[in-house]
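The values are calculated or read from the model by the stated rules, or taken from the named source; none is laboratory data. Since this is a predicted model, take the numbers as computed values, not measurements. When we count neighbours, we look across all protein chains shown, and the Cβ atoms used for this are built from the backbone with ideal geometry, even at glycine. When the accessible area is computed, the model is the full protein with side chains, heavy atoms only, and any ligands, DNA or RNA have been set aside. Shrake-Rupley method; radii C 1.70, N 1.55, O 1.52, S 1.80 Å.
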Amino acid sequence: MSASDHRRAEAAGDPDRPREATRAPLLSARGLRLAFGGVKAADGIDLDVMPGEFLAIIGPNGAGKTTFINMTTGYLRPQAGSIDYDGQPILGLSPRAIVKRGIGRSFQLPQLFSEHTVLENAALAIAAHAGLWSPLTPLLRPRYREEAMALLDRFGLAPLAEARADALNEGARKLADIAMAAALQPRLLLMDEPTSGVAATEKMGIVETLVRVLRDTGVTAVFVEHDMEVVERFADRVAVWSQGRIAALGPPEQVLNDPAVLRDVIGIEPAHHA
Amino acid sequence: MSASDRDAPGVAAPRPSMRLPEAGLALAGAAALVLAAWAVPWLKFVLTIALAKGVAVLGILLLLRAGQVSFGHSMFLAVGAYTVAFLAPAVPEALLLLPLGALLGGLLGLVIGLFIVRYRDIFFSMLNLALSMVLYSLLEKLYDLTKGTDGIRVSALTFAGAVPDRETQEWVMFGLALALALGFGLLVRAYLASPMGRALAGIKTRETRLEFMGVSARRVLLFAYVFSAVMGGAAGTLVAMTTRHVTPQLAYWTSSGELVFIAILGGAGSALGPFLGATAFELVRVYAAAAVADAWQMILGGVLLLVILFAPGGLWGMLTSRLRGRA
């Protein structure tokens, strides 16, 4: 189900529709501030992410989009503000502790173990999640192999299971990177530019696969994206980042038709877009 | 990789791969060593030392998998050796001293490791070197206890309660070293194939990913470090029991450099690499020293230079490329 289908279902009173308004936010950031020297990467960020939604973050380079992901996942610590996940503060926790609470992330540059096969990468993530670290039993024992193959199958990567991670093209690397994050069974997945560097012909197929898997497993997603077509088609809401602030926030059809967003973020004159 | 996988979209450059029968190669190598020791009796001593060093180099190999180089690892070898030297008068049983030396090596590894796994790259290397030099200085300066650079003569040992004659003892030590080499080789191989071993390699390439998988890279490295220290301690006991004389030189930085030298010479691609490297190292050293007594280090240096330039995978890499070429 695409984001627009979700929104239509909501309007029609579908019992399966997202019920963000009646639920507490899964992630809640308040007053986040972080500056690198004179550059304000976060200048009072307030954002709620509702359970089950797909929130796209757009904005020019250097606006602070990745910084938000880094702060949420414990990689960077803000100078001020708070972040609550599932009602509990997570600021000051290590990335490991945050992952264990149910927040996963993927990276702009896929972080695969390049010397291992795709199957081994997936199995390692599954083993990490299971917490089974016996030093003498093989990684590819039947249980992990089956689970890893099932995971790769969901992401359409099963035919590449035996390929080394460094032999994959960018699209497959991005999917494998996200599959590794998904192996940890997060409730919230933060994805940093999941389609950057992916060939235009592959892009929609990859995002469709990704969205289907995440929707099927009930994962809430926040993703940084530059492709407005992807945003329009798959996001429930869009947050526009500009100089460390959220300049606009709302449904894609509203935000992406905002003249200021069109001019300052997308870089086209509103008249041309119309 | 199957043919269908090679055709799969998403793969840029499929690579051929072939599993080598490492177990068969290990057994063939062991048989060759036994044959050499039987055919040339004086080689027993050289090969026993080579196997002992190979066990210590297995520890270096583990750290290399994580992208870390220890320039102080011979300190664990020294701990094992001095365990034998200190305790042999009271506990002459070799089969007790051997696990004791390994255990004490592991304990020191745990104490040092808790601190040192916080560091990476040059800092990791230099801290190991610094700590080994502290141990070297203590062994050298505490004369009343260690007899300084004179060293300690290891008193007579028993093997399972028996006191074998010299020839039998040489065979027993050779057999013990071979058994430990095979045993530790198997353990290392199993460890590297386990999730922990795979995560260890991840420290070299994607430490950030490990953390975001909920895995403590420090704990993974600490386990490998302690494991390598245990092997260093075991190797030290073998060296002490074979040479019957222990000096602080064992902890000196050049001894650690020698272990790294052997690791590069043998190649880090397999648990067999350290033993290939150690055997080649000891044989070249013995024959080069006999041929050109004043310049044997130059010959060893030349051999290493040739390996680095023409076989960056070490002797193991050369061997596997030849075997794959034939297949």
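Taking the condition modelled with pLDDT of 90 or more and in the same structural domain as A:Gln254 (by TED's automatic domain parsing), does A:Pro25 pass?
Yes, satisfied.
Anything in segment B:146-161 that is of a type in the set (A, V, I, L, M, F, W, C) and either in a helix (DSSP H, G or I) or open to solvent by 50 Å² or more (accessible area, probe 1.4 Å) (or both)? List them, or say none.
Passing the criteria: B:Ala156, B:Ala160.
Counting just the residues of segment A:83-107 that are facing chain B (nearest Cβ under 8 Å) and more than 17 Å from the chain's Cα centre (by Cα), which one comes out nearest to A:Asn169 (Cα to Cα)?
Residue satisfying both the conditions and the ranking: A:Arg96.
Go through segment A:159-171 residue by residue and tally those that are in contact (Cβ under 8 Å) with a residue 40 or more places away in the chain, among the small types (Gly, Ala, Ser) and within 7 Å of chain B (Cβ to nearest Cβ).
The total comes to 1.
Return the residues of segment B:279-327 that are among the small types (Gly, Ala, Ser) and open to solvent by less than 60 Å² (accessible area, probe 1.4 Å); say none if nothing qualifies.
Selection gives B:Ala280, B:Ala288, B:Ala289, B:Ala295, B:Gly301, B:Gly302, B:Ala311, B:Gly313, B:Gly314, B:Gly317.
Which of the residues spanning segment B:194-218 are touching a residue at least 24 places away in the same chain (Cβ under 8 Å) and either touching a Ser or Thr at 6+ places or on another chain (Cβ under 8 Å) or at the interface with chain A (Cβ under 9 Å from one of its Cβ atoms) (or both)?
Passing the criteria: B:Met196, B:Gly197, B:Ala201, B:Lys204, B:Thr205.
So which of B:Tyr225, B:Tyr191 ends up being within 12 Å of another protein chain (Cβ to nearest Cβ), part of a helix (DSSP H, G or I) and in contact with a helix residue (DSSP H, G or I) (Cβ under 6 Å, 6 or more places away or on another chain)?
B:Tyr191
Answer with yes or no whether A:Leu139 is in contact with a His (Cβ under 8 Å, 6 or more places away or on another chain) and either modelled with pLDDT under 90 or aliphatic (A, V, I, L, M) (or both).
Against the criterion (in contact with a His (Cβ under 8 Å, 6 or more places away or on another chain) and either modelled with pLDDT under 90 or aliphatic (A, V, I, L, M) (or both)), A:Leu139 does not qualify.
Is it the case that some residue within segment A:44-58 is in the same structural domain as A:Gln254 (by TED's automatic domain parsing) and out of contact with any strand residue (DSSP E or B) (no Cβ under 8 Å at 6 or more places or on another chain)?
Among the residues of segment A:44-58, not one is in the same structural domain as A:Gln254 (by TED's automatic domain parsing) and out of contact with any strand residue (DSSP E or B) (no Cβ under 8 Å at 6 or more places or on another chain), which makes the answer no.
Take the residues of segment A:186-202 that are under 24 Å from A:Thr73 (Cβ atoms) and without any contact (Cβ under 8 Å) to a residue 60 or more places away in the chain: which is nearest to the other protein chains (Cβ to nearest Cβ)?
Per the stated criteria, the residue is A:Val198.
Which residues, counting only those in segment A:87-98, are touching a residue at least 12 places away in the same chain (Cβ under 8 Å), open to solvent by 20 Å² or more (accessible area, probe 1.4 Å) and in contact with a strand residue (DSSP E or B) (Cβ under 8 Å, 6 or more places away or on another chain)?
Across segment A:87-98, the qualifying residue is only A:Leu91.
For segment B:227-245, state whether one or more residues are of a type in the set (Val, Ile, Thr), within 27 Å of A:Thr117 (Cα to Cα) and more than 12 Å from the chain's Cα centre (by Cα).
No: zero hits.
Give the residues of segment B:112-130 that are farther than 25 Å from B:Met241 by Cβ, surrounded by 12 or more Cβ atoms within 10 Å (Cβ to Cβ) and of a type in the set (A, V, I, L, M), sorted by residue number.
Answer for segment B:112-130, where residues must be farther than 25 Å from B:Met241 by Cβ, surrounded by 12 or more Cβ atoms within 10 Å (Cβ to Cβ) and of a type in the set (A, V, I, L, M): B:Leu114, B:Ile116, B:Val117, B:Met126, B:Leu127, B:Leu129, B:Ala130.
Select from segment A:108-130 the residues that are assigned to a loop (DSSP other than H, G, I, E, B), within 8 Å of another protein chain (Cβ to nearest Cβ) and open to solvent by less than 50 Å² (accessible area, probe 1.4 Å) and list them in ascending order.
Across segment A:108-130, the qualifying residues are A:Gln111, A:Leu112, A:Phe113, A:Ser114, A:His116.
Of all residues in segment A:34-57, which are part of a strand (DSSP E or B) and over 17 Å from A:Ile90 (Cβ atoms)?
Once the filter is applied, which keeps residues that are part of a strand (DSSP E or B) and over 17 Å from A:Ile90 (Cβ atoms), segment A:34-57 yields A:Ala35, A:Phe36, A:Val39, A:Lys40, A:Ala41, A:Asp43, A:Gly44, A:Phe54, A:Leu55, A:Ala56, A:Ile57.
Scan segment A:157-201 for residues that are in a helix (DSSP H, G or I) and basic (Lys, Arg) and report the count.
Number satisfying all stated conditions: 2.
Within segment B:59-98, take every residue that is of a type in the set (Gly, Ala, Ser) and touching an Asp or Glu at 6+ places or on another chain (Cβ under 8 Å) and give me the one that is surrounded by the most Cβ atoms within 10 Å (Cβ to Cβ).
For segment B:59-98, the residue satisfying everything is B:Ser74.
Determine if segment A:74-82 includes at least one residue that is open to solvent by less than 10 Å² (accessible area, probe 1.4 Å), free of Cβ contacts under 8 Å to residues at least 60 places away in the same chain and within 12 Å of chain B (Cβ to nearest Cβ).
For segment A:74-82, residues open to solvent by less than 10 Å² (accessible area, probe 1.4 Å), free of Cβ contacts under 8 Å to residues at least 60 places away in the same chain and within 12 Å of chain B (Cβ to nearest Cβ): absent.
Tell me the residue from A:Ala172, A:Ala199, A:Ala163, A:Ala176 that is assigned by TED's automatic domain parsing to the domain that holds A:Ala130 and open to solvent by less than 50 Å² (accessible area, probe 1.4 Å), please.
Only one candidate qualifies: A:Ala163.
crowded, with 16+ Cβ neighbours inside 10 Å and at pLDDT below 95: is that true of B:Ala229 in this structure?
Answer is no for this residue.
Restrict the check to segment A:146-157 and report whether at least one residue is under 13 Å from the mean Cα position of the chain (by Cα), surrounded by 22 or more Cβ atoms within 10 Å (Cβ to Cβ) and either outside the structural domain of A:Asn70 (by TED's automatic domain parsing) or among the β-branched types (Val, Ile, Thr) (or both).
Looking through segment A:146-157, none of the residues is under 13 Å from the mean Cα position of the chain (by Cα), surrounded by 22 or more Cβ atoms within 10 Å (Cβ to Cβ) and either outside the structural domain of A:Asn70 (by TED's automatic domain parsing) or among the β-branched types (Val, Ile, Thr) (or both).
Tally the residues that are away from chain A (no Cβ under 14 Å), in contact with a helix residue (DSSP H, G or I) (Cβ under 9 Å, 6 or more places away or on another chain), of a type in the set (Val, Ile, Thr) and part of a helix (DSSP H, G or I), restricting the search to segment B:162-188.
Residues meeting the conditions: 1.
Could you say which residue among B:Ala179, B:Ala251 is modelled with pLDDT of 90 or more and open to solvent by 50 Å² or more (accessible area, probe 1.4 Å)?
B:Ala179
Scan segment A:208-228 and give yes if some residue there is in contact with a strand residue (DSSP E or B) (Cβ under 6 Å, 6 or more places away or on another chain), open to solvent by less than 40 Å² (accessible area, probe 1.4 Å), on the phi > 0 side of the Ramachandran plot and not aliphatic (A, V, I, L, M), otherwise no.
Within segment A:208-228, not a single residue is in contact with a strand residue (DSSP E or B) (Cβ under 6 Å, 6 or more places away or on another chain), open to solvent by less than 40 Å² (accessible area, probe 1.4 Å), on the phi > 0 side of the Ramachandran plot and not aliphatic (A, V, I, L, M).
Are any of the residues in segment B:266-288 part of a helix (DSSP H, G or I) and over 20 Å from the mean Cα position of the chain (by Cα)?
Checked segment B:266-288: at least one residue is part of a helix (DSSP H, G or I) and over 20 Å from the mean Cα position of the chain (by Cα).
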